[in-house]
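Participant: Would you mind keeping the following structure in view while I ask a few things?
The values are calculated or read from the model by the stated rules, or taken from the named source; none is laboratory data. Just so it is clear, the structure is predicted and the values come from calculations on it, not from any experiment. FYI the Cβ positions are ideal-geometry reconstructions off the backbone, even for glycines, and counts take in every protein chain you see. We work out accessible area using only protein heavy atoms, side chains counted, and drop any ligands, DNA or RNA first. Shrake-Rupley method; radii C 1.70, N 1.55, O 1.52, S 1.80 Å.
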Amino acid sequence: MKKITNICCIGAGYVGGPTMSVIAKQCPEIKVTVVDLSEARISAWNDENIDNIPVYEPGLSEVVAEARGRNLFFSTEVEKAIDEAEMIFISVNTPTKTYGAGKGMGADLKWIELCARQIARVSTTDKIIVEKSTLPVRTAEAIRDILANTGNGVNFQVLSNPEFLAEGTAVPDLLSPDRVLIGGDQTVEGKEAIQALVDIYAHWIPKDRILTTNVWSSELSKLVANAFLAQRISSINSISELCEKTEADINEVAKAIGTDSRIGSKFLKASVGFGGSCFQKDILNLVYISRSFGLQEVADYWERVIIMNDHQKKRFAHNIVKDLYNTVSGKKITFLGWAFKKDTNDTRESAAIYVADELLNEQAKIRVYDPKVKEHQIYEDLDYLNTRKPEENKEQVKIFEDPYRACENAHAISILTEWDEFKDYDWQRIYDNMLKPAKIFDGRNILDAEKLRSIGFKVTSIGVK
Ligand code: UDX
Ligand code: ADP
């Protein structure tokens, strides 16, 4: 098999953009072209001002600056890039279906299918297709089926290469991953295709961290990895509610159990609930495929992880209402943070959206400050819920660029994202300008509650009585 010299990636989002940028940085002899249907997105990736690239990730702009124009290109010429490439990564979004069979559960593969058909139509040379999006098990088969029936004599090999990067740490995760997983057919041609992709990653990743499997194991491993991670958060969050009723402190419990090397210390941080584009979607998918095979107990088991997460978000909002004398109508509540975690501008499935929705139902007025999320995104997130009219969201929710202004005359502050900068604020100044009693609901347990209490704040932390 000859060496790959030309790669194309379809989809310039949170996965495709950073992943291809790092591949281009590490493999200067390979031409990498990232294409997207969205002209706005592509022109943002090409913006002369490197700070305007559409994905915020620490360290990413440096990587893009190094490779862009050298061997990394962003373009809307999808067909040209497909035709020229020897290897095509599919990195388009696969949201949960909002209609028909599997609504609210299965992944919508419309975009994937469109991609496969487009590849089939324009390809004139043999290609390796790499699934990079999180996809339900057996998607590779569907892609292969579409590609195999084009009848133009082109050979396609389909690989599954799930992405394990976490947002906010995408660049370090890509530069030194725990492992890279590549699934492919166990035929001679399939093994050659796997080797071609192994050779790319081997530019910078030790060989023993590059695992190869059959396609189905690779696809399922991605869903299961995310389900296990999310399950840890739901487990600790379930205990946080018990801690709030007893004298146990969730931070102490997490530390105590995390020192058991069989349990491990990561992903035990109690929070207002997990968000992000993957966890919920992937678990729903796992539930859906389990159910479709008639595995009711398996499906019910994993579904509880989501149910617990929804409960945690609702519970947090209800605690705010309860603590503000059972009414928040007309009260100003300031949200510090809107992103689903720190160091990203991504807001998909962020707990903040659902907490805001609950409070807006109670007629609260919400003030939002987030260091990286743009104003229009916050309104889009709320409008997407379809709970109230866009004009009402505009009226009830105001966005601020200055956190101190956002907190002025507020009845309460709620921490929804664990941005580091919140810890360094002049909390005395914030206190002085708030209505009293000034309350803080720390949904991430990042603030020093003792210190805030000495200023005069009433502080509520997750999992602490
Ligand atoms: C996740 C997986 O970690 C990654 O491997 C996969 O490729 C994509 O999905 P991501 O969603 O980007 O990554 O972020 P992650 O760090 O996993 O956090 C997900 C959510 O869980 C966030 O809302 C985060 O705040 C929350 N979380 C995480 C907790 O509430 N407590 C924790 O202990 C850890
Ligand atoms: P992810 O987190 O999986 O990267 P994003 O939504 O950030 O998801 O990115 C997916 C990108 O894929 C979007 O920019 C979208 O415009 C693009 N996209 C979806 N379908 C196609 C397609 N058929 N051709 C090219 N780009 C596509």
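Participant: Once you place label points 7 Å from the Cα toward the Cβ at residue 49 and residue 2, how far apart are they in nm?
Facilitator: My value for the distance between the label points is 4.4 nm.
Participant: To test your reading of the geometry: what angle, between 0 and 90 degrees and rounded to tens, separates the Cα axis of helix 139-148 from the longest principal axis of the chain?
Facilitator: Orientation of helix 139-148: about 30 degrees from the principal axis.
Participant: Moving on. For region 269-316, state which chymotrypsin sites (Phe, Trp or Tyr not before Pro) are in a DSSP loop and have at most 16 other beta carbons lying within 10 Å of their beta carbon.
Facilitator: 293
Participant: May I pose another question? Please go through region 69-99 and write out the trypsin sites (Lys or Arg not before Pro) that DSSP classes as loop and that have at most 14 other C-beta atoms within 10 Å.
Facilitator: 70
Participant: Highest first, please rank the peptides 124-130, 198-204 by the mean number of other Cβ atoms sitting within 10 Å of their residues.
Facilitator: 124-130, 198-204
Participant: Excluding residues fewer than 8 places away in the same chain, name every one of the lysines whose C-alpha is closer than 18 Å to that of residue 103.
Facilitator: 281
Participant: Report the relative contact order of the chain, percent, no decimals, based on alpha-carbon pairs under 8 angstrom and at least 6 residues apart. Mind dumping the intermediate values first?
Facilitator: Values: 884 pairs, mean separation 55.4, N = 465.
It rounds to 12 percent for the chain.
Participant: If I stretch the segment between residue 204 and residue 311 completely, what's the gain in nm (0.36 nm per residue apart, minus their alpha carbon distance), one decimal?
Facilitator: Gain in length upon complete extension: 34.3 nm.
Participant: For residue 164 and residue 149, calculate 0.36 nm times their separation in residues minus their Cα-Cα distance, and state this gained length in nm to one decimal.
Facilitator: The residue 164-residue 149 span can extend by a further 2.3 nm.
Participant: Quick one: net charge of residue 229's neighbours, Cβ under 10 Å, K/R +1, D/E -1?
Facilitator: Counting the neighbours of residue 229, the net charge comes to +1.
Participant: Given a Förster radius of 56 Å and the C-beta distance between residue 118 and residue 247 as r, what FRET efficiency does 1/(1 + (r/R0)^6) yield to the nearest 0.05?
Facilitator: Values: r = 60 Å, r/R0 = 1.08.
Once the sixth-power term is evaluated, E becomes 0.40.
Participant: Turning to a different aspect of this structure: Compute the accessible area per residue over the chain, keeping the other protein chains in place, probe 1.4 Å, unit Å².
Facilitator: Ligands and nucleic acids excluded, the figure is 45 Å² per residue.
Participant: For region 17-39 and region 373-398, write down the distance between their C-alpha centroids in whole Å.
Facilitator: 33
Participant: Per-residue ellipticity at 222 nm for the chain, helices alone: DSSP H runs ≥ 4 residues times -39500 (n - 2.57), over residue total, nearest 500 deg cm²/dmol? Show your work: numbers first, answer last.
Facilitator: Values: 18 runs with 205 residues, N = 465.
Computed ellipticity for the chain at 222 nm equals -13500 deg cm²/dmol.
Participant: Here's something else I'd like to know. What percentage of the solvent-accessible surface of the chain, computed with a 1.4 Å probe over protein heavy atoms, is contributed by carbon and sulfur atoms?
Facilitator: Carbon with sulfur: 51 percent of the solvent-accessible area.
Participant: Can you count the Lys pairs in region 341-443 with C-alpha separation below 17 Å, eight or more apart or on different chains?
Facilitator: Lysine pairs satisfying the spacing and distance rule in region 341-443 number 17.
Participant: Now for a separate question. Work through the residues other than residue 371 whose Cβ is under 10 Å from its Cβ and net out their charges, Lys, Arg +1 and Asp, Glu -1.
Facilitator: -3
Participant: Which net charge results when you count Lys and Arg as +1 and Asp and Glu as -1 among the other residues whose beta-carbon is under 10 Å from that of residue 348? Could you put the intermediate results ahead of the total?
Facilitator: Values: positive: 281; negative: 167, 346, 349, 381.
Overall, the nearby charge balance is -3.
Participant: Just to confirm the filter: which GluC sites (Glu not before Pro) across region 191-291 are DSSP coil and have at most 10 other Cβ within 10 angstrom of their Cβ?
Facilitator: Working: sites: 192, 219, 241, 244, 247, 252; in loops: 247.
Taking region 191-291 and a limit of 10 other Cβ atoms within 10 Å, the loop GluC sites (Glu not before Pro) found are 247.
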